[in-house]
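Chemist: Okay, here's the structure, questions in a sec.
The values are calculated or read from the model by the stated rules, or taken from the named source; none is laboratory data. Please read these numbers as outputs of a predicted model, since none were measured by experiment. Reconstructed Cβ throughout: ideal geometry from the backbone, glycine too, with neighbour counts over all protein chains shown.
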Amino acid sequence: MRSTEERLGMICTIVKENNGIGKTALMKLIYILQQVYKVPLGYNYSIYTYGPYSAEVMNGIDFAEQSGLISIEIVPIGLSCTGYKLEHRDKADEAIKDVDVRLSKYKEMIREAIGAFGQKNAKELELTTTIIYAYANYYDKVRESGDVDERIIEIVSKIKPLFQRDSIRQEYKALKDNGMLTKALPISFSLEPTA
């Protein structure tokens with residue numbers, strides 16, 4: 001799944017399932033769908049100030065708005081910050097319907113991801129996705145060195161120094177206990193140590 005239509009259909013489906021989601025939260029949820037649930041969206045992510053970031057996803061969200069599929073409203077967050085609220089438009093139903101057969105096998109994954117992560121705000125998702133990113137990208141490098149958990153937590157604390165190590169450890173444990181970290185490893189990856 002890499003066509004513009006399929007990607008737009010996925011964005012519209014997620015917004016419809018989680019109406020009012022923010023732009024950053026949507027981008028993080030797409031990362032989770034791609035990395036943990038292995039939904040083949042083909043977006044490139046790199047680590048950035050607020051965790052895994054994809055300009056392609058942000059461009060897709062903006063394109064969905066320009067196409068009249070979703071609306072984006074600027075909303076106040078706290079006293080001095082603003083954020084975005086994305087809402088489904090009826091026109092999006094056509095975009096979803098056009099790719100519904102190709103998206104149907106992912107709908108349960110979308111619902112599961114929204115159920116597990118949809119209530120988290122952008123800041124919480126920043127930590128969650130950074131942990132997933134670090135685990136998926138550094139597990140192979142640190143698994144031979146002993147305590148993988150502490151090494152990954154250390155990497156995350158260097159990437160995200162504003163988060164307390166206890167908060168990182170708590171979220172790491174929750175993700176590990178729910179099997180999300182193991183799922184985040186590349187499909188071809190083996191958890192068995194190399195000889």
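Chemist: Which of the following residues is aromatic (Phe, Trp, Tyr), in a strand (DSSP E or B) and out of contact with any Cys (no Cβ under 6 Å at 6 or more places or on another chain): TYR31, TYR43, TYR37, TYR84?
Modeler: The match here is TYR84.
Chemist: Still on this structure: Given (1) part of a helix (DSSP H, G or I); (2) within 20 Å of TYR43 (Cβ to Cβ), where does PRO186 come up short, assuming only one miss?
Modeler: PRO186 satisfies all of (1) part of a helix (DSSP H, G or I); (2) within 20 Å of TYR43 (Cβ to Cβ) except (1).
Chemist: Condition (residue is in the same structural domain as LEU103 (by TED's automatic domain parsing), in contact (Cβ under 8 Å) with a residue 60 or more places away in the chain and among the aliphatic types (A, V, I, L, M)) applied to region 57-77: is it met by at least one residue?
Modeler: Yes: one or more hits.
Chemist: Counting just the residues of region 111-156 that are β-branched (Val, Ile, Thr) and without any contact (Cβ under 8 Å) to a residue 40 or more places away in the chain, which one comes out surrounded by the most Cβ atoms within 10 Å (Cβ to Cβ)?
Modeler: Here the answer is VAL156.
Chemist: Would it be correct to say that GLY51 is at positive phi and in contact with a strand residue (DSSP E or B) (Cβ under 6 Å, 6 or more places away or on another chain)?
Modeler: Spelling it out, it is not the case that GLY51 is at positive phi and in contact with a strand residue (DSSP E or B) (Cβ under 6 Å, 6 or more places away or on another chain).
Chemist: What are the pairs, 6+ residues apart or on separate chains, where a residue within region 157-174 that is in a helix (DSSP H, G or I) has its Cβ under 6 Å from a residue that is among the acidic types (Asp, Glu)?
Modeler: none
Chemist: Identify, from the list LYS23, LYS85, the residue that is crowded, with 18+ Cβ neighbours inside 10 Å and of a type in the set (Lys, Arg).
Modeler: Just a single option satisfies the conditions, and that option is LYS23.
Chemist: Confirm whether ILE21 is β-branched (Val, Ile, Thr) and either assigned to a helix (DSSP H, G or I) or touching a Cys at 6+ places or on another chain (Cβ under 9 Å) (or both).
Modeler: No: the conditions fail for ILE21.
Chemist: Looking at region 96-104, can you tell me whether even one residue there is of a type in the set (Lys, Arg), in contact (Cβ under 8 Å) with a residue 12 or more places away in the chain, part of a helix (DSSP H, G or I) and closer than 17 Å to SER3 by Cα?
Modeler: Yes.
Chemist: Identify the single condition in (1) assigned to a helix (DSSP H, G or I); (2) out of contact with any Lys or Arg (no Cβ under 6 Å at 6 or more places or on another chain); (3) not basic (Lys, Arg) that GLY60 does not satisfy, given that it satisfies every other one.
Modeler: (2)
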